[in-house]
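Quick notes on the structure that follows.
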Amino acid sequence: MNKKVLLALISLFILATVAMCFGQYRPGFFSRHDKVPAPDFSLKDIQGKTFRLNSQRGNPVVMFFGTTWCPACRIEMPLYRDLYDKYALRGLKFLYIDINESTERVARFAKQNLFPYLVLVDDDGSVATNYNIIGVPTFILLDKEGNIVSVSHRISHLAVENLFLTKNKL
């Protein structure tokens, strides 16, 4: 009898674990034609000024969620800078959003790495949680209407060029 109860509990645990996995990140989910609006947020930048995502409506935006200690983030930083150099003058807005670290630490890191883009601090991780960030780096591309177009853990997988195929789309 104990073996049957133990087997039933183990089966229930496995079933529950599998069921919870269905809500996780699915590659290609945002590359479909669905319009998924990006949740608005307000965060302070490293100078203490408040930034609100909705203020960027009318411009495409790419958000880089990362941390100062993340080796993979450091690998992607030069590629993010290259993307900035290629598209910033064409209207693409760039955000670096640091998760769960102090403003002082993030400001030092941004200065050391000569970030040319806006650096925001999500010191309590609430914005990352709202965007279901499950690992860093994570890149989220928004169209000019504020809809999520692409989500990736690598810059090279973002479909940025699709926003600039025709002047009407920008």
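Points to keep in mind about this one:
Quick grid of which residues meet (1) within 13 Å of the chain's Cα centre (by Cα); (2) closer than 16 Å to Val151 by Cβ:
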site: Asp98; (1), (2): yes, no
site: Pro116; (1), (2): no, no
site: Ser126; (1), (2): yes, no
site: Asn132; (1), (2): yes, yes
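- Any hit, the range 75-82, residues being more than 27 Å from Phe164 (Cα to Cα) and of a type outside the set (Phe, Trp, Tyr): no
- Subset of the range 27-74 that is among the small types (Gly, Ala, Ser), open to solvent by 10 Å² or more (accessible area, probe 1.4 Å) and not in a loop (DSSP other than H, G, I, E, B) - its residue that is modelled with the lowest pLDDT: Ser31
- Filter result (closer than 13 Å to Glu101 by Cα and open to solvent by 30 Å² or more (accessible area, probe 1.4 Å)) within the range 114-136: Asp123, Asp124, Ser126
- Within the range 127-151, considering residues that are of a type in the set (Ser, Thr, Tyr) and in contact (Cβ under 8 Å) with a residue 24 or more places away in the chain, the one nearest to Lys44 (Cα to Cα): Tyr131
The values are calculated or read from the model by the stated rules, or taken from the named source; none is laboratory data. All values derive from a computational prediction rather than experimental measurement. In this analysis, Cβ positions are derived from the backbone assuming ideal geometry, glycine residues included, and neighbour counts consider all displayed protein chains. For accessibility, only protein heavy atoms count, side chains too; no ligands or nucleic acids. Shrake-Rupley method; radii C 1.70, N 1.55, O 1.52, S 1.80 Å.
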